[in-house]
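Notes for the one structure printed next.
The values are calculated or read from the model by the stated rules, or taken from the named source; none is laboratory data. Computed from a predicted structure; not experimentally measured. Quick reminder, even Gly has a Cβ in these numbers, built from the backbone with ideal geometry, and neighbours come from all protein chains shown.
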Amino acid sequence: MEKLNTALELVATSCSTQACPTIFKAPSGNYVIQGYAVDATKVGITLSPGELLVEIPAGLLEAVRSE
């Protein structure tokens, strides 16, 4: 995993600029996901305050499974 200037570690990305779907690992061990916004109301999901839905390519999850 590549260490970034922040507290997040790069796990997987779908491009070289990090301006695309990306999975990061936080110091807590949780994952932070950068992806395409999904409108929860359009897909019929109720979110709690502060939650967001994002879509990422399925292949990015393979990097997390193999970690």
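Name the single residue, out of those in region 14-37 being among the polar types (S, T, N, Q) and over 9 Å from the mean Cα position of the chain (by Cα), that is modelled with the lowest pLDDT.
By that ranking, first place goes to Gln18.
Pull out all pairs, ordered by first then second residue, where Cβ-Cβ is under 9 Å, the residues are six or more apart or on different chains, the first lies in region 2-30 and is farther than 15 Å from Val64 by Cα and surrounded by fewer than 18 Cβ atoms within 10 Å (Cβ to Cβ), and the second is small (Gly, Ala, Ser) and at pLDDT 90 or above.
Ala7/Ala26; Cys20/Gly35
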